[in-house]
Amino acid sequence: MTTPSSVLVVGASAAGLSVAEALRREGFAGRVTLLGAERHLPYDRPPLSKKVLSGAFKPEQTLLRPESALAKLDVEFVLGDPAIRLDAAAREVTTASGRSLRADVIVLATGLEVRRLPGQEAWAGVHVLRTVDDTLALRADLLTGPRVVVAGDGVLGTEIAATARGMGLEVTVVGPQSAPLASQLGLQVGGYLAKLHTDQGVALRLGIGVQELCGAEGRVTGVRLANGEVLPADVVVVAIGSRPAIGWLAGSGLTLADGIVCDSRCQAAAGIYAVGDVAWWHHEGLGTGVRLENRTNAVEQAMAVAANILGKDRPYTPVPYFWTDQYDAKIQVHGFVPADAEVAIVEGDPALRQFVALYGSRGKVTGVLGWNMVKQTRQHRQHVVDGTAWDAVRALAVPQ
Amino acid sequence: MRVVVDLEKCCGAGQCVLLAPKVFDQRDDGIVILLDASPPKELHAAVREAATVCPGAAITLEEGQ
Ligand SMILES: Cc1cc2nc3c(=O)[nH]c(=O)nc-3n(C[C@H](O)[C@H](O)[C@H](O)COP(=O)(O)OP(=O)(O)OC[C@H]3O[C@@H](n4cnc5c(N)ncnc54)[C@H](O)[C@@H]3O)c2cc1C
Ligand code: SF4
């Protein structure tokens, strides 16, 4: 493959910016354009639900790179102008304002869009959290109302609950799972997280979904659960999940499913790549397609995509990593937690809120989770890399 | 090359330690410890990768002095 002379990246956030940086680091001297729907320079999302919502960080502290570093990158930023159409064969993108951008290679990095409850726009006091603007609006409302209902028992919902509780609010979390984060961490560790939240004074209403929002005079007054019960609220946060931002790609000729479908090189079509939360690619190590929604993947996949754009022809086979910070708990996960995984505690003690758990499936270690045990977690990550036999791990398990 | 770390932004991921253990370590709470603010040339590539991968955008490099 010949080196392209221009690259257009759609989506100017963690993944998109990282592609531009990796291209430059590898010596790419052609034209690079970053097109973004938001009007902000690239900023970081993980602090939003933590330090920005709590007020510990000013929004400017989330900027991924200082302006001086962005200037040195020699990248053209086109911000506040979402892409609305892609012609994959012509490698041309049309934007909402009517721009037409063409490049030899196009990288799709549009991330996720949040799911909302039907009719939620009708009521003031109802929020989602994906952008810095969302976060500032939610924070302003949290500073006025004492009762908060968080609809959603995933990572985002529980982080927001922890932050709101830390701000002294009365918080209730509603969600369909029997433990928070059960689908990400399994039932056992989800149970430890439930205990952490109830010990901190958060009310958990689990195993039930929000049916609808209730309101009066333009403002939300509560949520109605699937069993008819109404939980009163001054502020409602809707954190019921997100989906890949691919609506604008309908008719582009790309294959779309739960994300932009790519091969093991993260290539969706000739000269078109996808990266970050929006990319569904074939993971050769696992032998199946995956899509990851985490901060480290955004950068690591960007490095793989940049290398492939420059002709390296390298499959992307990461050991995924994500973390969440809730109250004083730093929870870190390397690898995968399949739904059928067995759990073995190999360090520490969950009752003391310091432990390392290994997850195993089909006879092998697939993941490691650490709870306030940073170094030990990093050491046990090697079991995931090596795919250590599960029988050997059982011998390491600390009796509970 | 000079390495600067922002302890407030560091989220304790430890990617830096995995990539460049001679330059970075972590405290018990995960926050980064800078072992060598002017690492030797043979470590520069690994340090650059750590600065890129760091999910807290907490590592900045001043290059070329
Ligand atoms: C509140 C919050 C907390 C998080 N906490 C953690 C955490 O603790 N740990 C962790 O590992 N991960 C966390 N994540 C996940 C992490 O932030 C994401 O994995 C990461 O941001 C993905 O980067 P991305 O660039 O792929 O997508 P995004 O960051 O979503 O960026 C996509 C960008 O594309 C833009 N865009 C969308 N459509 C278009 C269009 N049509 N045209 C142009 N631009 C478009 C969007 O405006 C956006 O700026 C968190 C996410 C959120 C929202
Ligand atoms: S990689 Fe970044 S966030 Fe993680 S420990 Fe190192 S400096 Fe901190």
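The values are calculated or read from the model by the stated rules, or taken from the named source; none is laboratory data. Owing to the predicted nature of the structure, the values given are computational and were not obtained by experimental measurement. Because the Cβ atoms are built from the backbone with ideal geometry, glycine has one as well, and the counts that use them run over all protein chains shown. Each accessible area value is taken on the protein alone, full model and side chains, heavy atoms only, with ligands, DNA and RNA left out. Shrake-Rupley method; radii C 1.70, N 1.55, O 1.52, S 1.80 Å.
Taking the stated definitions as given, is A:V235 open to solvent by less than 10 Å² (accessible area, probe 1.4 Å), under 30 Å from A:R219 (Cβ atoms) and in contact with a helix residue (DSSP H, G or I) (Cβ under 6 Å, 6 or more places away or on another chain)?
In short, yes.
So which residues in the stretch A:127-156 are over 20 Å from A:A12 (Cα atoms), under 21 Å from the mean Cα position of the chain (by Cα) and buried (at least 17 other Cβ atoms within 10 Å of the Cβ)?
A:H127, A:V128, A:L138, A:R139, A:V150, A:A151, A:G152, A:D153, A:G154, A:V155, A:L156
Restricting attention to the stretch A:267-291, which residues are within 23 Å of A:L8 (Cβ to Cβ) and in a loop (DSSP other than H, G, I, E, B)? Please lay out each step first, then the result.
Initially, the stretch A:267-291 is screened for residues within 23 Å of A:L8 (Cβ to Cβ), giving A:267-281, A:291.
Result: A:A270, A:G271, A:V275, A:R291.
If you scan the stretch A:1-34, which residues turn out to be assigned to a loop (DSSP other than H, G, I, E, B) and hydroxyl-bearing (S, T, Y)?
A:T2, A:T3, A:S5, A:S13
Given the residues A:G276, A:G271, which is the only one that is modelled with pLDDT of 95 or more and over 15 Å from A:A88 (Cα atoms)?
On the way: A:G271 fails: over 15 Å from A:A88 (Cα atoms).
Result: A:G276 is the single residue among A:G276, A:G271 that is modelled with pLDDT of 95 or more and over 15 Å from A:A88 (Cα atoms).
With respect to the numbered conditions (1) open to solvent by less than 20 Å² (accessible area, probe 1.4 Å); (2) among the hydroxyl-bearing types (S, T, Y); (3) touching a strand residue (DSSP E or B) at 6+ places or on another chain (Cβ under 8 Å), which one is the sole condition not fulfilled by A:S178?
A:S178 satisfies all of (1) open to solvent by less than 20 Å² (accessible area, probe 1.4 Å); (2) among the hydroxyl-bearing types (S, T, Y); (3) touching a strand residue (DSSP E or B) at 6+ places or on another chain (Cβ under 8 Å) except (1).
Quick check on my filter: what residues within the stretch A:53-66 are touching a residue at least 40 places away in the same chain (Cβ under 8 Å), within 12 Å of another protein chain (Cβ to nearest Cβ) and either assigned to a strand (DSSP E or B) or buried (at least 24 other Cβ atoms within 10 Å of the Cβ) (or both)?
Answer for the stretch A:53-66, where residues must be touching a residue at least 40 places away in the same chain (Cβ under 8 Å), within 12 Å of another protein chain (Cβ to nearest Cβ) and either assigned to a strand (DSSP E or B) or buried (at least 24 other Cβ atoms within 10 Å of the Cβ) (or both): there is none.
Restricting attention to the stretch B:1-45, and to residues there that are within 13 Å of another protein chain (Cβ to nearest Cβ) and among the charged types (D, E, K, R), which single residue is surrounded by the most Cβ atoms within 10 Å (Cβ to Cβ)? It would help to see each step written out before you state the result.
Kept after step one, since they are within 13 Å of another protein chain (Cβ to nearest Cβ), are these residues of the stretch B:1-45: B:4, B:6-19, B:21, B:24-33, B:44-45.
Checking the rest, the ones that are also among the charged types (D, E, K, R) come to B:6, B:8-9, B:25, B:27-29.
Values: B:D6: 14, B:E8: 13, B:K9: 20, B:D25: 14, B:R27: 13, B:D28: 10, B:D29: 11.
Among those that are within 13 Å of another protein chain (Cβ to nearest Cβ) and among the charged types (D, E, K, R), it is B:K9.
From the residues in the stretch A:292-313 that are more than 14 Å from ligand 2 (Cβ to nearest atom) and in a loop (DSSP other than H, G, I, E, B), which one is least open to solvent (accessible area, probe 1.4 Å)?
A:L292
Within the stretch B:18-30, restricting attention to residues that are of a type in the set (A, V, I, L, M, F, W, C) and modelled with pLDDT under 95, which residue is nearest to ligand 1 (Cβ to nearest atom)?
The selected residue is B:L18.
Can B:E63 be described as at pLDDT 90 or above and among the acidic types (D, E)?
So B:E63 fails the test.
Which of the residues spanning the stretch A:370-400 are more than 14 Å from chain B (Cβ to nearest Cβ) and not in a helix (DSSP H, G or I)? Walk me through it before giving the result.
Going through the stretch A:370-400, the residues more than 14 Å from chain B (Cβ to nearest Cβ) turn out to be A:383, A:386-400.
Selection gives A:G387, A:T388, A:A389, A:A397, A:V398, A:P399, A:Q400.
From the set of residues in the stretch A:73-85 that are of a type outside the set (D, E) and either within 9 Å of ligand 1 (Cβ to nearest atom) or out of contact with any helix residue (DSSP H, G or I) (no Cβ under 9 Å at 6 or more places or on another chain) (or both), which is nearest to the other protein chains (Cβ to nearest Cβ)?
In this case the residue turns out to be A:L79.
For the stretch A:77-123, which strands (runs of 3 or more DSSP E) that fit wholly inside it have 3 or more residues that are within 17 Å of A:S242 (Cα to Cα)?
Working: elements: A:83-87, A:92-95, A:100-102, A:105-108, A:112-114.
So the answer is A:112-114.
Considering each of A:R91, A:R39, A:R85 in turn, give the residue that is more than 16 Å from ligand 2 (Cβ to nearest atom) and crowded, with 17+ Cβ neighbours inside 10 Å.
A:R91
Select, from A:A344, A:A357, the only residue that is touching a residue at least 60 places away in the same chain (Cβ under 8 Å) and either over 19 Å from the mean Cα position of the chain (by Cα) or open to solvent by 20 Å² or more (accessible area, probe 1.4 Å) (or both). Reasoning before the result, please.
Values: A:A344 fails: touching a residue at least 60 places away in the same chain (Cβ under 8 Å).
Only one candidate qualifies: A:A357.
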